[in-house]
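Structure record follows, encoded as structure tokens.
The values are calculated or read from the model by the stated rules, or taken from the named source; none is laboratory data. Predicted model only: the values in this text are computed from it and were never measured. Counting neighbours? That spans all protein chains shown, and the Cβs are built from the backbone with ideal geometry, glycine included.
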Amino acid sequence: MNAETPIESLAAFVRPEQWAALRAAYATPPRTYHNFEHVGEVMRHCETVAAGPDWSQPMEVRLAVLYHDAIYEAGRKDNETRSAELAASEISRWMPDAGVDVARVVELIELTARHGQFSPDDFPRDARGDDARHFLDCDMAILGAPPAIFDTYDRGIAAEYRGHVPGWLFKLNRRRFLKALLAKPRIYLSEFFHERLDAQARHNLRRAVSEKR
């Protein structure tokens, strides 16, 4: 039996030097949520999609998962852009002959800068649109996690911003973001995640918004 986790099994997919650089990137600066464990969790959901609806560009999706938070500094507005640029550079450097659609990897990573702003119809009803919806939902699946796991995520986000943004401002903006998600008719963009996680996500969000008053 293969005991590897989804992200460990992906280590064989990239060069050892590339993998080491990724691990180092996710450890800098030290993070309580946007770390390599988070990448592993997103990859777990990615593999769930692979076994169900499936991906039209699985290599590009997995690379986007690997790099989507590679550069993360709490409070900055360009983390996604910088992560996408790093992905493009590293893929070109280490995987020049792998046939990767680098532009698609970049596009998927940059979409994560607009979490909570999309509706399902913002993407075409085709295979590429399905990939975008499922990819973004994988990254937001934590909202529909069991309460204890959601609470750990929520505390982790707060810890990352501590010392970068005044506490009162973080609390205000965080509550505003969560309330906006809760007010949306669809938290998840795909039917696959909507059916599985919407009810739990709304329960978690209502509780978190109430606690942040």
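Scanning the stretch 152-165 for residues that are within 16 Å of residue 76 (Cα to Cα) and either among the aromatic types (Phe, Trp, Tyr) or assigned to a helix (DSSP H, G or I) (or both) yields 157, 158, 159, 160, 161. Taking the stretch 86-119 as the range and being part of a helix (DSSP H, G or I) and either over 17 Å from the mean Cα position of the chain (by Cα) or within 18 Å of residue 17 (Cβ to Cβ) (or both) as the test, the residues that pass are 86, 87, 88, 89, 90, 91, 92, 93, 94, 102, 103. Condition first: in a loop (DSSP other than H, G, I, E, B) and either surrounded by 15 or more Cβ atoms within 10 Å (Cβ to Cβ) or out of contact with any Cys (no Cβ under 6 Å at 6 or more places or on another chain) (or both). Can you find one or more residues in the stretch 166-184 that meet it? Yes; the residues of the stretch 166-184 include at least one that is in a loop (DSSP other than H, G, I, E, B) and either surrounded by 15 or more Cβ atoms within 10 Å (Cβ to Cβ) or out of contact with any Cys (no Cβ under 6 Å at 6 or more places or on another chain) (or both). Of the residues examined, residue 154 is one that is more than 19 Å from residue 60 (Cβ to Cβ) and among the acidic types (Asp, Glu).
Hey, any hits in the stretch 133-149 for a residue that's without any contact (Cβ under 8 Å) to a residue 12 or more places away in the chain, of a type in the set (A, V, I, L, M) and surrounded by 13 or more Cβ atoms within 10 Å (Cβ to Cβ)?
Within the stretch 133-149, one or more residues are without any contact (Cβ under 8 Å) to a residue 12 or more places away in the chain, of a type in the set (A, V, I, L, M) and surrounded by 13 or more Cβ atoms within 10 Å (Cβ to Cβ).
Suppose we keep only residues that are small (Gly, Ala, Ser) and surrounded by fewer than 18 Cβ atoms within 10 Å (Cβ to Cβ) within the stretch 53-87. Which one would you say is modelled with the highest pLDDT? Restricting to residues being small (Gly, Ala, Ser) and surrounded by fewer than 18 Cβ atoms within 10 Å (Cβ to Cβ), the top hit is 56. What single numbered condition from (1) closer than 21 Å to residue 140 by Cα; (2) buried (at least 18 other Cβ atoms within 10 Å of the Cβ); (3) touching a helix residue (DSSP H, G or I) at 6+ places or on another chain (Cβ under 7 Å); (4) not aromatic (Phe, Trp, Tyr) fails to hold for residue 38? Going through the list (1) closer than 21 Å to residue 140 by Cα; (2) buried (at least 18 other Cβ atoms within 10 Å of the Cβ); (3) touching a helix residue (DSSP H, G or I) at 6+ places or on another chain (Cβ under 7 Å); (4) not aromatic (Phe, Trp, Tyr), residue 38 breaks only (3).
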